[in-house]
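The values are calculated or read from the model by the stated rules, or taken from the named source; none is laboratory data. The model shown is predicted, which means the values in this text are computed figures rather than measured ones. When we count neighbours, we look across all protein chains shown, and the Cβ atoms used for this are built from the backbone with ideal geometry, even at glycine. Only protein heavy atoms, including side chains, enter the accessible area calculation; ligands, DNA and RNA are left aside. Shrake-Rupley method; radii C 1.70, N 1.55, O 1.52, S 1.80 Å.
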Amino acid sequence: MEHLLNIDNVSLIYHTLTDETLAIESISMYADENEFISVVGPSGCGKTTLLSLISGVITPSSGKITLRGQPISEAKNKTGYMFQRDHLFEWRTVWQNIKLGPEIVGDKSPETTKYLDGLLSKYGLQDFKHKYPKHLSGGMRQRVALIRTLALRPELLLLDEPFGALDYQTKKVVIQDVNDIISREQKTSILVTHDIGEAASLSDRIIVLSHRPSVVKKVFTSKLRSIPLIEERKKTREYQELIDEIWKELI
Amino acid sequence: MRRKNINYSKEHSRFLARNRRKKFFVLSMQICILVVILGLWEILSYFNVINTLIFSSPSRILNTIGSLYSSGELFYHIGITLYETLLGFAISTALGLLIAILLWWSETLRKILDPYIVVLNSLPKIALGPIVIIWFGAGMQSIVVICVLITIIITIISMLNAFRSCEQDKILLMKSMGANKFQILLKLILPASVPQFISVLKISIGMSWVGSIMGEYLISSAGLGYLIVYGSQIFRLDLVMASTLILCILASIMYLIVSFIEKLVNKKRS
């Protein structure tokens, strides 16, 4: 069976004037349709670099990344990025922010407008359509950021620690929101995080990377996604065992 | 949101009253200082304690402004200086912004031109005055060129810094959506730099006044700078002081206009 995303023996070497650094060494992994994958690993191991490689923003030194069999460099707008900070453009309204992607690719179709309008309504942001980001709460801002990422209908979502900058209360709400939106929109997602609790509660598979140069150390699978509420997932024995096993791999 | 017609607690009413008193005190002191200085100046000159030929006096300055007005010269000279300043300001802002965009666009170009910008920035631009006059002639063109020379470097350096300080993640976000460099410039870099641009306007409007007045000092037959030089040459301090006063008022008005625009922009964003 062909996977949606295939990362085959990918390495990346950074060149500086004084040295060259092997950041990623022969990583191979895959992602299937509607799968939620988390990538965890020690700080500075190259998790974010891996996402940049998957998005096609940087090119690997060797190896191959394909999305539906197509080289990632040719798969324009098939991946959507979400960061630790929402990076909403303060000078644009909520509507203008989520229209950024379609604007860039020149998509003015009524279908897209309808699709975005639908997303705003579905996720409780319709009343804030013409407000500026300064009028939104932290949770709402992240929801807008996710809808902006979904606007181009990407096949793969890349989530770079999207909950890292949120306070405890907001984080709980946003994690549930993001989980629900991704499940309902049936998006394949790769989450990079240093929080193994987030990884264990959200994912179908958890990939543990080693220290730099990072290689895939271990892959864990989980069935917790069948439980709708994140907080309920956290109360299960499987969750606790998963956390313990991931932790053992990290230390 | 401002709350009106609300019954505040006694403590809050006292806080508001204290705040109003403080504001009133600051304003009264500002006016007092001005009145005392002008009053003292006028009294000392009236009783010949200070020489009015050297120090002039507020009443003589007002009379000079009045006579300039009645002879029709006042707005002529103001118009000339204002024209040179605004033209120099507009050219340096537009050209400075364009050069900053080019330097942001090409990392290589920025590296090539970096030493030249550093030298131009540290050079006292007025030293180029004689060369400018020879190249552009003894007229208004030279004054505008001097004005541009004095103002443009600060615009280039400040705007380039603003462009380069844009968050990399935002650029990455746009790239992941398939944006090209022109789209990144138009939809991210330029709008994100608007607050810094207005700060630069505040600085460059002041620099433009310096440029036009310095230019008029070097070569001119009209304008407020010319009146100041002319007044000092014929020892008419009334004229020098009157022109300086008008200059102060005009520069303040322009600064206030830019500050007002800044407030409007900040109100929308913050």
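Under 5 Å from the amide H of A:Ala23 lie the amide H atoms of A:Leu12, A:Ile13, A:Tyr14, each residue being 5 or more positions distant or on a separate chain, with H modelled from the backbone and absent for Pro and chain starts. Springs join every pair of Cα atoms under 10 Å in this Gaussian network model of chain B, and among B:Ser208, B:Ser57, B:Ser28 the largest mean-square fluctuation is at B:Ser28. In terms of accessible area, using a 1.4 Å probe and ignoring ligands and nucleic acids, B:Val118, A:Val216, B:Val148 rank largest first as B:Val118, A:Val216, B:Val148. The H on the amide N of A:Phe36, modeled in the peptide plane, is under 5 Å from the matching H of A:Ser189, A:Asp204, A:Arg205, each at least 5 residues off or on a different chain.
Mean separation of Cα pairs under 8 Å and 6+ residues apart, divided by the residue count of chain A: what relative contact order is that in percent?
Computed over chain A, the figure is 27 percent.
Rounded to the nearest Hz, the phi-derived 3J(HN,Hα) couplings of the stretch A:57-74 under the Karplus curve 6.51 cos²θ - 1.76 cosθ + 1.60 (θ = phi - 60°) are 5, 10, 9, x, 6, 8, x, 9, 10, 10, 10, 6, x, 9, x, 4, 5, 9, where x marks glycine and proline.
In units of 2.2 N^0.38 Å, what is the alpha-carbon radius of gyration of chain A? Could the numbers behind the result be given before it?
Values: Rg = 18.2 Å, N = 251, 2.2 N^0.38 = 18.0 Å.
Cα-based Rg divided by the globular estimate yields 1.02.
Quick check: net charge around B:Trp209, other residues with Cβ under 15 Å of its Cβ, Lys/Arg +1 and Asp/Glu -1?
Details: positive: B:Lys125, B:Lys202; negative: B:Glu84, B:Glu216.
Residues close to B:Trp209 contribute a combined charge of 0.
Count charges around A:Leu157 for me, please; just the other residues with Cβ under 12 Å from its Cβ, Lys/Arg as +1, Asp/Glu as -1. Before the final figure, lay out the partial values.
On the way: positive: A:Lys78, A:Arg148, A:Arg153, A:Lys187; negative: A:Glu35, A:Glu155, A:Asp160, A:Glu185.
Taking every Cβ under 12 Å from that of A:Leu157, the sum is 0.
Kirkwood hydrodynamic radius, the stretch B:10-50, all distinct C-alpha pairs: what's the number in Å? Display every interim value, and only then the final one.
Working: mean 1/r = 0.0813 Å⁻¹.
About 12.3 Å, per the Kirkwood formula over Cα pairs.
Close amide-amide hydrogen proximity is noted between A:Lys217 and A:Val208, A:Leu209, A:Ser210, each under 5 Å apart and 5 or more residues distant or on a separate chain (H modeled in the peptide plane; Pro and chain starts excluded). Among A:Asp19, A:Asp86, A:Asp195, the residue with the largest mean-square fluctuation in a Gaussian network model of chain A, with springs joining Cα atoms closer than 10 Å, is A:Asp19.
Place a +1 charge on the Cβ of each Lys and Arg in the stretch B:2-77 and a -1 charge on the Cβ of each Asp and Glu, then give the dipole magnitude about the Cα centre in debye, rounded to the nearest 20.
Working: 11 positive and 3 negative charges, 226 e Å.
In debye, rounded to 20, the stretch B:2-77 gives about 1080.
In summary, the helical segments of chain B meeting the span-like criteria, namely a full DSSP H run, a Cα extent along the axis of 30 angstrom or more and a mean Kyte-Doolittle hydropathy of at least 0.0, are B:10-46, B:73-105, B:140-164, B:194-218, B:237-269.
Rounded to the nearest 10 degrees, what's the angle between the helix A:237-250 long axis and the longest principal axis of chain A, both from Cα atoms, 0 to 90? Orientation of helix A:237-250: about 50 degrees from the principal axis.
Relative to one another, the C-alpha centroids of the stretch B:109-149 and the stretch A:23-102 are positioned 47 Å apart.
The mean sequence separation of alpha-carbon pairs under 8 Å and at least six residues apart, normalised by the residue count of the stretch A:142-225, gives a relative contact order of 25 percent. When the C-alpha to C-alpha distance is required to be over 22 Å, the pairs from A:Lys171/B:Lys268; A:Lys78/A:Lys114; A:Lys76/A:Lys122; A:Lys76/B:Lys187 that qualify are A:Lys171/B:Lys268; A:Lys76/A:Lys122. Taking each DSSP H run with n ≥ 4 as -39500 (n - 2.57) and averaging over every residue of chain B yields -27000 deg cm²/dmol at 222 nm.
Checking the cross-link filter: which lysines have an alpha carbon closer than 16 Å to that of A:Lys248, excluding same-chain neighbours under 8 positions apart? Here the lysines satisfying the reach criterion relative to A:Lys248 are A:Lys217, A:Lys218. Within 10 Å of the Cβ of each residue in A:83-89, the mean number of Cβ atoms contributed by other protein chains is 4. I'd like the orientation of helix A:138-150 relative to chain A: the angle between its Cα long axis and the longest Cα principal axis, in ° from 0 to 90, rounded to 10. Rounded to the nearest ten degrees, it is 80.
For chain B, report the % of Cα-Cα distances exceeding 32 Å. Numbers along the way, then the final one.
Numbers: 16611 of 36315 pairs.
In whole percent, the long-distance tail amounts to 46.
With each run of n ≥ 4 DSSP H residues scored as -39500 (n - 2.57), what mean residue ellipticity at 222 nm is computed for chain A after dividing by its residue count and rounding to the nearest 500 deg cm²/dmol? Walk me through the numbers before you get to the answer.
Numbers: 9 runs with 90 residues, N = 251.
One gets -10500 deg cm²/dmol as the mean residue ellipticity at 222 nm.
The solvent-accessible area of A:Tyr123, taken with every protein chain present and a 1.4 Å probe, is close to 20 Å².
If you take the square roots of the eigenvalues of the alpha-carbon gyration tensor of the stretch A:111-198 and sort them as a ≥ b ≥ c, do you get rounded (a/c under 1.5), prolate (a/b over b/c) or oblate? In terms of gyration-tensor shape, oblate.
Sequentially through the stretch A:15-22, phi angles give Karplus couplings (6.51, -1.76, 1.60; θ = phi - 60°) of 10, 10, 5, 9, 7, 10, 10, 7 Hz, Gly and Pro residues having no value and appearing as x. Across the stretch A:217-224, coupling constants 3J(HN,Hα) worked out from phi with the 6.51/-1.76/1.60 Karplus curve, θ = phi - 60°, read 8, 7, 10, 10, 10, 9, 10, 5 Hz, and Gly and Pro carry x. A:Val219 sits with roughly 70 Å² accessible to a 1.4 Å probe, with DNA, RNA and ligands left out of the calculation. Springs between Cα atoms under 10 Å define the GNM used for chain B, and in it the highest mean-square fluctuation of B:Ser158, B:Ser232, B:Ser71 occurs at B:Ser71.
Are there any chymotrypsin sites (Phe, Trp or Tyr not before Pro) in the stretch B:42-74 that are in a DSSP loop and have at most 13 other Cβ atoms within 10 Å? List them by number.
B:Phe47
Only aspartates and glutamates eight or more places from A:Lys99 in sequence, or on another chain, were considered; those with a Cα closer than 13 Å are A:Asp107, A:Glu111, A:Asp117. What do you get for the angle between helix A:168-185 and the principal long axis of chain A? Use alpha-carbon atoms, 0 to 90 degrees, nearest ten. So the inclination is approximately 90 degrees.
Would you rank A:Trp247, B:Trp135 by solvent-accessible area, highest first, keeping every protein chain in place and using a 1.4 Å probe?
Details: A:Trp247 135, B:Trp135 190 Å².
Per-residue accessible area, sorted high to low, gives B:Trp135, A:Trp247.
Our summary gives the stretch B:61-269 a relative contact order of 29 percent, counting only alpha carbon pairs under 8 angstrom and 6 or more residues apart. Put the Cα centre of the stretch A:139-159 next to the Cα centre of the stretch B:14-78 and the gap is 61 Å. Against the criterion of solvent-accessible heavy-atom surface with a 1.4 angstrom probe, A:His3, A:His135 sort, most first, into A:His135, A:His3.
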